[in-house]
Amino acid sequence: MPFSVKLIDGSVGRSVDPKAEAAVQMIDVHKWYGEFHVLRDINLSIRRGERIVICGPSGSGKSTMIRCINRLEEHQKGRIIVDGTELTNDLKRIDEVRREVGMVFQHFNLFPHLTVLENCTLASIWVKKMRKKEAEEVAMHYLTRVKIPEQANKYPGQLSGGQQQRVAIARSLCMSPKIMLFDEPTSALDPEMVKEVLDTMVGLADEGMTMLCVTHEMGFARQVADRVIFMDYGQIVEMNTPDEFFRNPQHERTRLFLSQILH
Amino acid sequence: MTTASNLPLEPIADAGDNAVLALRPPARRKAPIAQVLFGTIGNTLLTLATAAILLAAVPRLIQWGILDSIWTATDGSACREASGACWAFLRAKFRQILFGIYPPDQQWRPLLAVTMLFCVILYSLPPRNWDRFLVFLWCIAVACFLVLMQGGVLGLTLVPTAYWGGLPVTLILAVSALGIGFPFGVILALGRRSALPVPRILSVGLIEVIRGLPLVSLLFMSSIMLPIMLPEGLTIDKLARAGVALTIFSAAYLAEVVRGGLQAIPEGQAEAARALGLSWVDTIRQVILPQALQKVIPPLTNTVIVMVKNTALVLVVGLFDLLSSGKAALADPSWPSPFAETYLFIAMIYFVICFGISRYSLYLERRAAAGQVR
Ligand SMILES: Nc1ncnc2c1ncn2[C@@H]1O[C@H](COP(=O)(O)OP(=O)(O)OP(=O)(O)O)[C@@H](O)[C@H]1O
Ligand SMILES: [Mg+2]
């Protein structure tokens with residue numbers, strides 16, 4: 001199929017080829033909002049097919065960090081290399097990177113004036129210059145994957161939160177991204193809808209998608225993450241496999257945070 | 001006026017056996033007419049006052065407009081003797097009112113031009129027709145309009161714009177002021193919200209200067225100052241100068257309306273579009289503007305209607321739009337200048353156009369609301 005998720009060579013199940021080229025590399029990245037130092041010396045290398053969960057207290061810079069990866073925010077110092085392309089002020093390159101990187105937002109950010117189907121075909125048509133019919137086939141494929149093909153002709157406002165977030169995931173997948181960014185995808189959802197979205201994400205992880213996910217769903221982290229990152233005050237405080245991270249946190253701040261979140 | 005207290009209480013539902021399964025919503029009963037008119041002391045007084053005014057005015061209007069009126073007459077003498085309305089004047093003069101001093105034997109041309117413009121406007125109304133072809137169609141239609149009116153080619157005799165008048169002038173001024181003013185207004189609105197200082201300052205400057213000037217002075221300036229500023233030998237048609245002034249004026253006002261809509265769109269919409277890889281232009285065109293415009297349909301309609309009526313101000317620079325053609329027709333000494341009848345006729349034309357715009361905007365609003373129930 002021309003529009004199936006690209007399976008990353010060498011990434012079968014949960015094992016990741018360590019020699020594969022880095023999907024995302026952040027080297028000595030700093031960022032300021034005016035005087036406020038949001039990101040401090042971020043160093044992070046993510047292999048293809050790797051699943052990263054990022055957690056940390058509110059205001060610690062998690063969103064800012066992943067938004068730097070598709071240049072929704074600009075970093076001021078250091079280097080960010082996404083899929084071999086370095087992010088600079090070159091607008092062309094930024095567009096290239098954005099085509100490779102999908103993003104799912106806390107508040108879905110679906111386009112309310114377009115139907116679910118149109119939400120999913122918009123980028124195919126205007127960015128990839130696909131024909132409408134072809135774009136619709138791709139869209140229906142992914143809407144089926146997130147299990148809501150029957151809602152295709154409704155407007156986002158007519159769907160539940162969980163359904164909207166699944167549409168948002170399908171909308172991103174329609175661009176066949178190599179990397180997916182999730183910024184607290186379940187925290188605006190009613191509890192009974194969290195699972196349907198997490199299940200979709202687990203399915204995606206099982207297919208080998210490179211994922212960076214800001215979330216406080218620790219069950220999800222245990223189930224799919226290769227590494228868990230804990231951030232505080234704009235720094236990566238701790239980074240470890242989920243087992244080690246939850247069983248044996250190294251830093252006092254991590255322990256404190258985990259005790260608050262796991263009650 | 002009715003208040004909730006004087007509406008009869010509705011029984012919620014008959015508590016039948018399976019009433020729990022599916023209850024109908026309580027029927028919304030209208031208050032009986034007597035209660036609307038005489039329900040309270042205030043309403044009673046209002047009703048009586050209105051009735052008194054109607055009783056005084058309506059018979060006199062009927063007397064003037066129908067019983068004593070003159071419908072057929074070849075010249076003004078019959079009208080001079082009658083005490084009622086002189087509708088015969090409109091029959092004799094409607095061509096001059098509609099088409100001004102355009103050569104009478106050539107008046108099929110403005111008639112055809114106006115009819116064509118109305119047809120294109122009608123075709124443009126349903127949103128499903130909004131595509132590239134429509135832009136093309138409008139370019140063709142305006143070109144045809146100008147050729148038909150001006151002539152000088154295709155065996156049509158030349159009629160300079162100084163001889164144009166009436167409805168075609170009003171229509172072409174309104175169409176260009178709004179049709180060209182709207183895209184410029186959008187650009188000004190985007191410029192004003194831009195993060196880049198140069199477009200922002202230019203847009204703010206232009207909008208504020210234009211809004212700070214009365215339209216009349218803008219028309220005078222474009223009609224008197226523009227020829228002075230232009231190099232020797234280069235002249236712009238008087239009608240075109242007025243069109244430019246109206247276009248700039250409407251662009252500034254439309255820009256502020258559109259800006260209001262842009263401000264109402266959450267930042268997340270542009271972020272989602274950018275994250276999908278959409279270019280800035282596509283983000284604006286496909287995501288931001290459609291939503292922004294939907295949100296400002298009522299004030300947008302308001303500005304459009306005001307601009308249609310503002311075209312009447314071109315009379316100050318000596319152009320004959322619908323209103324001033326009517327005035328010119330009244331100057332004929334062989335008729336007894338029936339002002340009321342003529343202005344009623346012109347008012348009716350304006351009303352049909354503006355009321356049509358208003359109903360159309362309601363249709364657009366309802367259509368926009370239909371998709372987005374929350
Ligand atoms: N546009 C901005 N201008 C100034 N400060 C900002 C801006 N955006 C975010 N910040 C600040 O940067 C810090 C990091 O924000 P960020 O959104 O990355 O936090 P977060 O870890 O995602 O928090 P949360 O869990 O609440 O989403 C916060 O203190 C926030 O107040
Ligand atoms: Mg955040």
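The values are calculated or read from the model by the stated rules, or taken from the named source; none is laboratory data. Remember, it's a predicted structure, so these values are computed and weren't measured experimentally. Heads up, the Cβs are rebuilt from the backbone with ideal geometry, glycines too, and the neighbour counts pull from every protein chain shown. Remember, those area values only see protein heavy atoms, side chains included, never the ligands or the DNA or RNA. Shrake-Rupley method; radii C 1.70, N 1.55, O 1.52, S 1.80 Å.
Annotations for the structure displayed:
- Note on the stretch B:213-311: enclosed helices (runs of 4 or more DSSP H) holding 2 or more residues that are of a type in the set (Ser, Thr, Tyr) are B:238-263, B:297-310.
- Strands (runs of 3 or more DSSP E) wholly inside the stretch A:168-259 that include at least 1 residues being open to solvent by 10 Å² or more (accessible area, probe 1.4 Å): A:179-183, A:227-232, A:235-240
- Among residues that are at pLDDT 85 or above and either within 23 Å of B:ALA92 (Cβ to Cβ) or under 33 Å from the mean Cα position of the chain (by Cα) (or both), B:ALA57 is included.
- Of the strands (runs of 3 or more DSSP E) contained entirely in the stretch A:33-115, those carrying at least 1 residues that are open to solvent by less than 30 Å² (accessible area, probe 1.4 Å) and within 16 Å of ligand 2 (Cβ to nearest atom) fall at A:36-47, A:51-55, A:101-104.
- Pair list, Cβ under 7 Å, 6 or more apart: the stretch B:68-80 residue in a loop (DSSP other than H, G, I, E, B), other residue loosely packed, with under 13 Cβ neighbours inside 10 Å: B:ASP68/B:SER83; B:ASP75/B:SER334; B:GLY76/B:SER334
- If you filter the stretch B:257-269 down to residues that are open to solvent by 20 Å² or more (accessible area, probe 1.4 Å) and under 18 Å from B:VAL296 (Cβ atoms), you find that the one that is nearest to the other protein chains (Cβ to nearest Cβ) is B:PRO266.
- Flag if A:LEU117 is within 13 Å of chain B (Cβ to nearest Cβ) and touching a residue at least 40 places away in the same chain (Cβ under 8 Å): no
- No other residue among B:ALA292, B:ALA195, B:ALA240 is within 14 Å of chain A (Cβ to nearest Cβ) and modelled with pLDDT under 90 apart from B:ALA195.
- In the stretch A:152-172, residue farthest from the chain's Cα centre (by Cα) [restricted to those that are away from every other protein chain (no Cβ under 11 Å) and closer than 19 Å to A:ALA123 by Cα]: A:ALA152
- Residue that is nearest to the other protein chains (Cβ to nearest Cβ), among those in the stretch A:123-136 that are under 14 Å from B:ALA275 (Cα atoms) and buried (at least 23 other Cβ atoms within 10 Å of the Cβ): A:ALA123
- Residue within the stretch B:314-323 that is farther than 30 Å from B:PRO214 by Cα, open to solvent by 50 Å² or more (accessible area, probe 1.4 Å) and in contact (Cβ under 8 Å) with a residue 60 or more places away in the chain present: no
- Checklist (1) crowded, with 17+ Cβ neighbours inside 10 Å; (2) within 22 Å of the chain's Cα centre (by Cα); (3) of a type in the set (A, V, I, L, M, F, W, C) applied to B:LEU148, failing item: (2)
- Checking each residue in the stretch A:25-62 for being free of Cβ contacts under 8 Å to residues at least 24 places away in the same chain and either within 13 Å of ligand 1 (Cβ to nearest atom) or over 16 Å from A:ILE81 (Cα atoms) (or both) picks out A:TYR33, A:GLY34, A:GLU35, A:PHE36, A:SER58, A:GLY59.
- Sub-7 Å Cβ pairs linking a first residue in the stretch A:63-74 that is more than 12 Å from chain B (Cβ to nearest Cβ) to a second residue that is assigned to a loop (DSSP other than H, G, I, E, B) and open to solvent by 10 Å² or more (accessible area, probe 1.4 Å), at least 6 apart or interchain, are A:THR64/A:GLU73; A:CYS68/A:HIS75, ordered by first then second residue.
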